[in-house]
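Participant: Next up is a structure, given as structure tokens.
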Amino acid sequence: MANSSEIFRDWIEHDYISGFYGASITPSSPITQIYLKKPLQFDAVIKNESPYTIPLSGNKSGVHFAAIIEKADGSWRREKRGEFIELDLTPGKSVELHMKLPRVPKPGDYSITLDLVEERVAWFHEMGSPAYQTNVAAR
């Protein structure tokens with residue numbers, strides 16, 4: 001049987017959510033490819049998995065839907081914000097938001113991470129919330 005410190009460590013790693021930093025992100029359709037010549041536009045459902053309201057912000061500060069796209073070899077990386085929306089996302093509720101990823105500079109393999117970010121504070125995945133991640137090819 002596990003001792004109390006092992007139980008506590010397991011709870012911190014798998015169950016604890018700090019403040020409102022708990023959300024799930026699911027693209028409305030899978031992201032399977034990105035393009036050299038045109039940006040990729042898609043929708044994703046954001047669900048508040050925390051016990052607190054997530055204050056999505058319509059201005060440059062606050063909480064936003066965001067993406068990190070980077071080349072697999074680490075030679076190129078961009079951050080992108082989705083639509084800015086003023087909305088108090090209450091616990092258990094969902095909202096569909098839109099994102100337009102930038103064009104990538106060269107063919108190759110890329111990773112895309114979708115997450116929420118509280119500007120100048122933290123990405124939700126840094127606070128224990130799972131980000132959506134996928135690997136795609138650009139042709």
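Participant: Taking the Cα centre of the chain as the origin and placing charges on Cβ (Lys, Arg +1; Asp, Glu -1), which of Asn48, Asn59, Val117 is farthest toward the positive end of the dipole?
Facilitator: Asn59
Participant: Additional query: Just to be sure I understand the model, the point goes 7 Å from the Cα along the line to the Cβ. What's the resulting Ile85 to Ala137 distance in nm?
Facilitator: Taking the simple label geometry, Ile85 and Ala137 are separated by 3.3 nm.
Participant: Turning to a different aspect of this structure: Rounded to a whole number, what is D in µm²/s for the chain from Stokes-Einstein with the Kirkwood radius over alpha-carbon pairs (25 °C, 0.890 mPa s)?
Facilitator: The Stokes-Einstein estimate is 153 µm²/s.
Participant: In the chain, which longest range has no GluC sites (Glu not before Pro) that are both DSSP loop (not H, G, I, E or B) and surrounded by at most 13 other Cβ atoms within 10 Å?
Facilitator: Maximal segment without exposed cleavage sites: 1-82.
Participant: Okay, next question. Give me Leu40, Leu114 ranked fewest to most by other Cβ atoms within 10 Å of their Cβ, as a rough exposure proxy.
Facilitator: Leu40, Leu114
Participant: So, in the chain, how many Lys pairs have Cα atoms under 19 Å apart, if the pair is 8 or more places apart or on different chains?
Facilitator: Lysine pairs meeting both conditions in the chain amount to 16.
Participant: Give the order of Val121, Val95 when sorted by the count of other beta carbons within 10 angstrom, beginning with the fewest.
Facilitator: Lowest count first: Val121, Val95.
Participant: If the only charges are +1 at each Lys and Arg Cβ and -1 at each Asp and Glu Cβ, what is the size of the charge dipole of the chain around the Cα centre, to the nearest 20 debye?
Facilitator: The dipole of the chain has a size of about 940 debye.
Where a number appears in this text, it was derived from the coordinates with a stated rule and is not lab data. Not measured: the values here are computed from a predicted model. Positions of Cβ are generated from backbone atoms using ideal geometry, with glycine treated the same way; all protein chains shown enter the neighbour counts.
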